[in-house]
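Everything on this sheet refers to the single structure shown next.
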């Protein structure tokens, strides 16, 4: 099986980000970047399918040199090959999907995996776009899957429950938490990854169809109010909940 | 509690390579996800978390600096130190286990063993299918191991061991013990396998420290081992002392991990604990404690990093390792005590890790060379006068 994991290099959710001087991107200084958490499930699923069926796993990321660190982590987890589609310029989701689809087309993969979304821009768009560009079926937010030959039965997370779907390979899947338990990169894997080459490809430029014009932080919340510390405060609390918060 | 974000006041991460940082992140995540949720329970029960061993082996934590042909990661000493730091941020017991397996069992087999001994034991010790221990200290010979009573006697194609070892980490769990004994008056190393007639390893109980670690006696009564179990390249006290340098190096890093856990806990507690209508972190005396902690952690990090670089270059002296072990453990214990004070009564609860670290560090301060012995080792080095003889 030839499997592709498309992975992204995103700010660690635990770090605080601020908006950059241009007002439409984040200030990257001092921000720790990590392999997008949902993409870890994608990488793990590829590795498990390969362990079961044989084949090759390729990790692909689009971005600048900084993305090599994330590709190196995928190599340490055990992927066979890492490819950087080197382009540091801002791209909208379609432009990213276009570059990934162009690369994937040449590989004729059996399956392409994404995380269900990148935790930076939260578009959740690139996976399905790549599927459309390649004319493949796509199944999103996958929490369970069984592969038998080219037949796939997958479970998707939906509001309040699960949906079971069937499709055929080649197909695109986006992974949700619960699909598997991603492995830690082992120390041996990390050392082995050091000597593996990361292939660099310059993707074709695609004009953006959507432009980010501004980025804003959410309005800061008003500080909390302590109306009292014993039972005498209850009438005032009820009045505020009724008149100000309007929740009762 | 939020996942640990590391303590790096002086941007020392920039001095680490990408793979060194990745090794640390892997072990950090492992400790957060697998160790911290269960360690307090084990500590209170006085049990070692053996269920973690397969995962630790799979990560490659045992003998990580040794060659790939034995199934090891073959990484450098700085990466190894960062592993020790993160493990001890979990608990000194886990770091002790890994120190013993790597520095006190795999190291002597790798350094002093025959090819057969290396091929037989190193892959099994690396993949965790065998556990090792190191028997040097005796009930009456701690800081002065050269006076050991344990004897080996050659009889035909065998050696007969008699004597007793004490304070042996992993002793009861171990499949193989590296035992130091006098053969015709010279200290030599021997491999003794579990189950050998005449060899028992009862666990020592009643500890108030290192409770999530197995500590044992090793007893040899006419214990007969094949002559091929002698570590052929051992010669005199220098051989076990070389092993101790490995373990002490790991301890210097490990103590930083315990200190970081205490500092991190104290800092977040101080920012949220309100007294006199403001967080206690806003009081000058609390700030003085916290600043003292971050200062000593930062100095300790620099010490370890340079020591690791020297070790990788083959230029680290055992006296430098003594200085680092002495300094970092001393300050880690002081930091744990300060953290306990900041937490007040909460500091003694198992809900927070500080009392556990403080109790562990009491042992760490005197094992692998007491604080005093390391003082005298460095003292002799700089003055030329050996004060312990």
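Do we find that residue A:98 is within 14 Å of chain B (Cβ to nearest Cβ) and touching a residue at least 24 places away in the same chain (Cβ under 8 Å) in this structure? Before you say what the answer is, go through the steps one by one.
On the way: within 14 Å of chain B (Cβ to nearest Cβ): no; touching a residue at least 24 places away in the same chain (Cβ under 8 Å): yes.
Against the criterion (within 14 Å of chain B (Cβ to nearest Cβ) and touching a residue at least 24 places away in the same chain (Cβ under 8 Å)), residue A:98 does not qualify.
May I ask you to verify whether residue A:164 is more than 25 Å from residue B:60 (Cα to Cα), out of contact with any helix residue (DSSP H, G or I) (no Cβ under 9 Å at 6 or more places or on another chain) and more than 14 Å from chain B (Cβ to nearest Cβ)? Write out each step before concluding.
Working: more than 25 Å from residue B:60 (Cα to Cα): yes; out of contact with any helix residue (DSSP H, G or I) (no Cβ under 9 Å at 6 or more places or on another chain): yes; more than 14 Å from chain B (Cβ to nearest Cβ): yes.
So residue A:164 passes the test.
Residue under question is residue B:149, and the condition is that it be in a loop (DSSP other than H, G, I, E, B) and in contact with a strand residue (DSSP E or B) (Cβ under 6 Å, 6 or more places away or on another chain); does it hold? Walk me through how you get there before you give the answer.
Working: in a loop (DSSP other than H, G, I, E, B): yes; in contact with a strand residue (DSSP E or B) (Cβ under 6 Å, 6 or more places away or on another chain): yes.
Judged against the criteria, residue B:149 is a match.
For the list (1) surrounded by 24 or more Cβ atoms within 10 Å (Cβ to Cβ); (2) without any contact (Cβ under 8 Å) to a residue 40 or more places away in the chain, I need the number of the one condition that residue B:104 fails.
(2)
Which of the following residues is part of a helix (DSSP H, G or I) and within 30 Å of residue B:114 (Cβ to Cβ): B:241, B:290?
The match here is B:241.
Taking the residues in region A:193-227 that are within 14 Å of chain B (Cβ to nearest Cβ) and in a loop (DSSP other than H, G, I, E, B) as candidates, determine which candidate is surrounded by the fewest Cβ atoms within 10 Å (Cβ to Cβ).
Step by step, filter region A:193-227, then rank; the result is A:224.
Which is outside any helix (DSSP H, G or I), out of contact with any helix residue (DSSP H, G or I) (no Cβ under 9 Å at 6 or more places or on another chain), modelled with pLDDT of 95 or more and not assigned by TED's automatic domain parsing to the domain that holds residue B:40, of B:350, B:314? Steps first, answer last, please.
On the way: B:350 fails: out of contact with any helix residue (DSSP H, G or I) (no Cβ under 9 Å at 6 or more places or on another chain).
From the options B:350, B:314, the qualifying one is B:314.
Just name the residue that is farthest from the other protein chains (Cβ to nearest Cβ) out of those in region B:9-28 that are over 13 Å from residue A:190 (Cβ atoms) and free of Cβ contacts under 8 Å to residues at least 24 places away in the same chain.
Checked region B:9-28; the qualifying residue farthest from the other protein chains (Cβ to nearest Cβ) is B:14.
Find the residue count for region A:169-192, including only residues that are within 22 Å of residue A:114 (Cα to Cα), within 10 Å of chain B (Cβ to nearest Cβ) and crowded, with 24+ Cβ neighbours inside 10 Å.
1
For region B:287-311, which residues satisfy the criterion of being in contact (Cβ under 8 Å) with a residue 40 or more places away in the chain and more than 19 Å from the chain's Cα centre (by Cα)?
Residues of region B:287-311 in contact (Cβ under 8 Å) with a residue 40 or more places away in the chain: B:289-290, B:292-294, B:297-298, B:300-305, B:307-309, B:311.
Hits for region B:287-311 are B:289, B:290, B:292, B:293, B:294, B:298, B:302, B:309.
Kindly check whether there is at least one residue in region B:365-387 that is within 22 Å of the chain's Cα centre (by Cα) and under 19 Å from residue B:44 (Cα atoms).
no
Could you run through region B:125-145 and say how many residues are out of contact with any strand residue (DSSP E or B) (no Cβ under 7 Å at 6 or more places or on another chain) and farther than 24 Å from residue B:102 by Cβ?
3
Anything in region A:113-150 that is in contact with a strand residue (DSSP E or B) (Cβ under 6 Å, 6 or more places away or on another chain), more than 20 Å from residue A:101 (Cβ to Cβ) and touching a residue at least 12 places away in the same chain (Cβ under 8 Å)? List them, or say none.
A:119, A:120, A:141, A:143, A:144, A:145, A:150
When only residues in region B:29-42 that are more than 13 Å from chain A (Cβ to nearest Cβ) and crowded, with 20+ Cβ neighbours inside 10 Å count, which is nearest to residue B:308 (Cα to Cα)?
Top of the filtered list is B:39.
Would you be able to say whether some residue in region A:159-171 is touching a residue at least 40 places away in the same chain (Cβ under 8 Å) and under 24 Å from residue A:71 (Cα atoms)?
So far as region A:159-171 goes, yes, one or more of its residues are touching a residue at least 40 places away in the same chain (Cβ under 8 Å) and under 24 Å from residue A:71 (Cα atoms).
Taking residue B:51 as the residue in question, decide whether it is within 13 Å of another protein chain (Cβ to nearest Cβ) and without any contact (Cβ under 8 Å) to a residue 60 or more places away in the chain.
no
Out of B:68, B:45, B:79, B:57, which single residue is out of contact with any strand residue (DSSP E or B) (no Cβ under 7 Å at 6 or more places or on another chain), farther than 30 Å from residue A:12 by Cβ and either more than 11 Å from chain A (Cβ to nearest Cβ) or in contact (Cβ under 8 Å) with a residue 60 or more places away in the chain (or both)?
B:45
Of the conditions (1) more than 14 Å from every other protein chain (Cβ to nearest Cβ); (2) in contact with a helix residue (DSSP H, G or I) (Cβ under 6 Å, 6 or more places away or on another chain), residue B:171 satisfies every one except a single condition; which number is it?
So the condition that residue B:171 fails would be (2).
Need at least 3 residues that are under 25 Å from residue B:292 (Cβ atoms) per element, so show me which helices (runs of 4 or more DSSP H) inside region B:1-93 make the cut, counting only ones lying wholly within it.
Fully inside region B:1-93 and qualifying: B:77-90.
Quick check on region A:147-160. Is at least one of its residues under 25 Å from residue A:104 (Cβ atoms), within 14 Å of chain B (Cβ to nearest Cβ) and touching a helix residue (DSSP H, G or I) at 6+ places or on another chain (Cβ under 9 Å)?
no
The values are calculated or read from the model by the stated rules, or taken from the named source; none is laboratory data. Keep in mind that what you see is a predicted model, and the values were worked out from it rather than measured. Reconstructed Cβ throughout: ideal geometry from the backbone, glycine too, with neighbour counts over all protein chains shown.
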